[in-house]
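Engineer: Starting off with a structure, shown below.
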Amino acid sequence: MTLQVNVLFFASMADRTGTSRWASTLPSSATIEDVKQMVIETFPHSAELLSICHVAVNQEYVKGNPVLQPLDEIAFFPPVSGG
């Protein structure tokens, strides 16, 4: 069984991937780490930045490695600096 996830990339992550939206199909027991691995496989230039991104699932920041549900929306936000 599989699940479909929708991934949003913001700021420099969108620059690195060349897109702000991406969808993928993963095993039904997929976690955030599984999504990160798929992103790295698809967009190798994003690996270093992805490792420091904040992650949100369905518009709520998450920590750890939660198991995803069908049609979850995952967003990757790189850290920002400046004033």
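Engineer: How large is the helix-only mean residue ellipticity at 222 nm for the chain, computed as the sum of -39500 (n - 2.57) over DSSP H runs with n ≥ 4, divided by its residue count, in deg cm²/dmol to the nearest 500?
Structural biologist: Details: 3 runs with 21 residues, N = 83.
Mean residue ellipticity, 222 nm, calculated: -6500 deg cm²/dmol.
Engineer: Here is a follow-up. Roughly how many nanometres apart are two label points built 7 Å out from the Cα toward the Cβ at Leu71 and Arg21?
Structural biologist: 1.5 nm
Engineer: Thinking of region 29-83 as a set of Cα atoms, what percent of all their pairs are more than 14 Å apart? Could you put the intermediate results ahead of the total?
Structural biologist: Details: 809 of 1485 pairs.
Of the Cα pairs, 54 percent sit more than 14 Å apart.
Engineer: May I ask you to give the percent of accessible area on the chain that is carbon plus sulfur, with a probe radius of 1.4 Å? Spell out each step's value before the answer.
Structural biologist: Details: 2690 of 5090 Å².
It is 53 percent, rounded to a whole number.
Engineer: How big is the charge dipole of the chain about its Cα centre, in debye rounded to the nearest 20, if each Lys and Arg gets +1 on its Cβ and each Asp and Glu gets -1 on its Cβ?
Structural biologist: Working: 4 positive and 8 negative charges, 17 e Å.
Taking the Cα centre of the chain as origin, the dipole is about 80 debye.
Engineer: Loop only per DSSP, at most 14 neighbouring Cβ atoms within 10 Å: give me the trypsin sites (Lys or Arg not before Pro) in the chain, ordered by residue number.
Structural biologist: Details: sites: Arg16, Arg21, Lys36, Lys63; in loops: Lys63.
Listed in order of number, the matching sites are Lys63.
Engineer: Another question, then. Taking a probe of 1.4 angstrom, what is the accessible area of Ser29 in Å², to the nearest 10?
Structural biologist: 80 Å²
Engineer: What distance in nm separates the simple spin-label points at Thr2 and Thr42, each placed 7 Å from Cα in the Cβ direction?
Structural biologist: Rounded to a tenth, the inter-label distance reads 1.2 nm.
Engineer: Relative to the longest principal axis of the C-alpha atoms of the chain, give the angle of the C-alpha long axis of helix 32-42, reported between 0 and 90° and rounded to the nearest 10°.
Structural biologist: The helix 32-42 is inclined about 70 degrees to the chain.
The values are calculated or read from the model by the stated rules, or taken from the named source; none is laboratory data. These numbers come from a predicted model, not from an experiment. Note that each Cβ is placed from the backbone with ideal geometry, even for glycine, and that neighbours are counted across all protein chains shown. What goes into the accessible areas is simple: the full protein's heavy atoms, side chains included, and nothing from ligands, DNA or RNA. Shrake-Rupley method; radii C 1.70, N 1.55, O 1.52, S 1.80 Å.
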